[in-house]
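Derivation of every value follows stated rules applied to the coordinates shown; laboratory data play no part. Owing to the predicted nature of the structure, the values given are computational and were not obtained by experimental measurement. Reconstructed Cβ throughout: ideal geometry from the backbone, glycine too, with neighbour counts over all protein chains shown.
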Ligand code: SF4
């Protein structure tokens, strides 16, 4: 194993005509990893917060997500109940242990039945809370952890994602900056999902169809 | 199914047959119509697109020059996150490593996200021969797996298959299917595949994916898909195996983000693919789902040998498919004619480096040198130049048939005498332009049947490149 590893690395060095101990090269690599320069960041996302949210919504709808805006997190259960009714779906959803969802009063009105924990593939509707949104492409950012099962993002027919307007940034670079601030440099959650619209495929005669293996529809609720 | 049989040595015959197949020609029409327009739109909608192409190129060039060090940094981070890195010198070694992981996991079936590396090393055939059943889950890959074929396009593997053929295949394999069930439309076919594959996702013991990027900063593997199959492949089974070649290394999350901005736009014309997933190690303490083991198989298979040669540029390739989507030769003959797993201009450059010039040496001739591939390649890979390198090498090896050698010599005679060259091409272009004005293409040309027998010659636009260039310079 290490023999193969060393042979490959030696071949790389020999063909590049370089040495692995060259200080200049090592410094260049360390510097890039430490600084993580941003490069070219599109101007389109560089907006004030209100316009940023508007762009996020427009971009998400442009890729066939549906969206709605509610005043605060407390309004989410009613919005979800309403959404389920509009689409003739049973009043039942699965969520993770995330307090931003689990802590809400789901019994309001007629009440939505709430299941908790990872999905085994039998759920019609799952609700997740996004860590952030990205305006430039209408992308949701979901991170895994004890409170946020990744299966909820892929197994249901309908995925409802709640995102706090205050966490919608202009670009992907903002996401990385915030993650580093939260977890430390060079550390990632097990899974970070960028989700841009519902699942689709154009593999049969190039006809674009929604709902390949992931959710057939994606509904985004922006809070705040 | 066995590993893909290489038919690249009979490229000419393949191409000839392809051009006589009406269904294939119809399918290729779809490629030409859809991809080109969508990419152009996406590029036009992002003012920074060209600057991002430069940035993407520079990131990869820098990474390749420091590849040994980034590989070491990446390996360290994967290990820190609780994952395992396995190094494989060639296809055989990689296949054995994957089989070994499957055996240790007691796996009978493995699900697979779409991976060109898996196609390159013939992983499915190898696993099957050793008692492990691989199930492709990308819809296009699933279809060609049922048909026992290689992909004909790197991002749309079943682009050559029509819906009637998909229906026939599903009816043959999904034996529980009610014969009365209507499967005449893509929607019903998709629903059938979704139902069938859902069972497989849930039953698999090991999930195998490729990677679009391996990030040195964090030890993260990244997959980009539209269907969500890659994610179900990697979160449901107990073991996740990533197979990726060395050049997938990217320094940081920011660098990957630069390249992501040109990837989907160049590939399908989307601004972003639906799912871009960053995976780091196995599931963490307290995580309710995710794989318990995380393995990365780092494959060389000829990459290190390309470093320091004129083919180093090719290692920047991000497998977006834009070069084939814009290639008149690919449009005319489809992907299978190239005879292995990588078609189009990128395949014409890559195939001889990976399977040898003896077998793949014909492919670099499959070019009209129109330059469209290079003009759309997000990584600015000089594909025509690289194809020319192969031609030169082949010429040196005297593998080229005598007629081709003669015409190359004639071309060289004129090319080294610029004034004569300009005169000769102006005369020739004027004549060809007049003759070909109707369709824009020649199916045959007098005195050049060796060329047009297997290629359509694009009709020159009535002026030479040099004359056009001079005109533009004057206008500027
Ligand atoms: S060579 Fe360029 S255009 Fe072709 S697949 Fe690779 S990156 Fe895309």
Sorted on mean Cβ neighbours within 10 Å (highest first), peptides A:96-109, A:202-215, B:283-296 come out as A:202-215, B:283-296, A:96-109
For chain A, the longest principal axis of the Cα atoms and the Cα long axis of helix A:49-62 enclose an angle in degrees, to the nearest 10, of 80 degrees
Per-residue Cβ contact counts at 10 Å, fewest first, order B:223, B:6, B:117 as B:6, B:117, B:223
Log10 I(q)/I(0) at q = 0.09, 0.11, 0.12 Å⁻¹ for region A:47-223, from Debye over equal alpha-carbon scatterers, is -0.30, -0.45, -0.53
Per-residue Cβ contact counts at 10 Å, fewest first, order B:311, A:194 as B:311, A:194
With Cα coordinates, the longest principal axis of chain A makes an angle with the long axis of helix A:2-16, in degrees rounded to 10, of 70 degrees
For chain A, averaging the sequence separation of alpha carbon pairs under 8 Å that lie six or more residues apart and dividing by its residue count, the contact order in percent is 23 percent
In whole angstrom, the spacing between the Cα centers of region A:22-89 and region B:192-239 equals 23 Å
Taking only the Cα positions of the protein assembly as shown, the convex hull volume per residue in Å³ is 171 Å³
Mean other chain Cβ within 10 Å across A:171-179 is 3
per DSSP, antiparallel bridges as share of beta bridges in the protein assembly as shown, % nearest 5, sits at 35 percent
Rounded to the nearest Å, the spacing of the alpha-carbon centers of region B:321-340 and region A:164-217 is 31 Å
Footprinting proxy, B:10, B:391: sorted fewest to most Cβ within 10 Å, the residues are B:10, B:391
The alpha-carbon center of region A:113-154 and that of region B:101-123 are separated, in whole Å, by 27 Å
Rounded to a whole number, the Stokes-Einstein D of region B:49-155 in µm²/s (Kirkwood radius over Cα pairs; 37 °C; 0.692 mPa s) is 200 µm²/s
Only helices counted: for the protein assembly as shown, with every DSSP H run of 4 or more residues adding -39500 (n - 2.57) and the sum spread over all residues, [θ] at 222 nm is -13500 deg cm²/dmol
Expressed in Å to one decimal, the Kirkwood Rh of region B:125-188 from all distinct alpha-carbon pairs is 12.9 Å
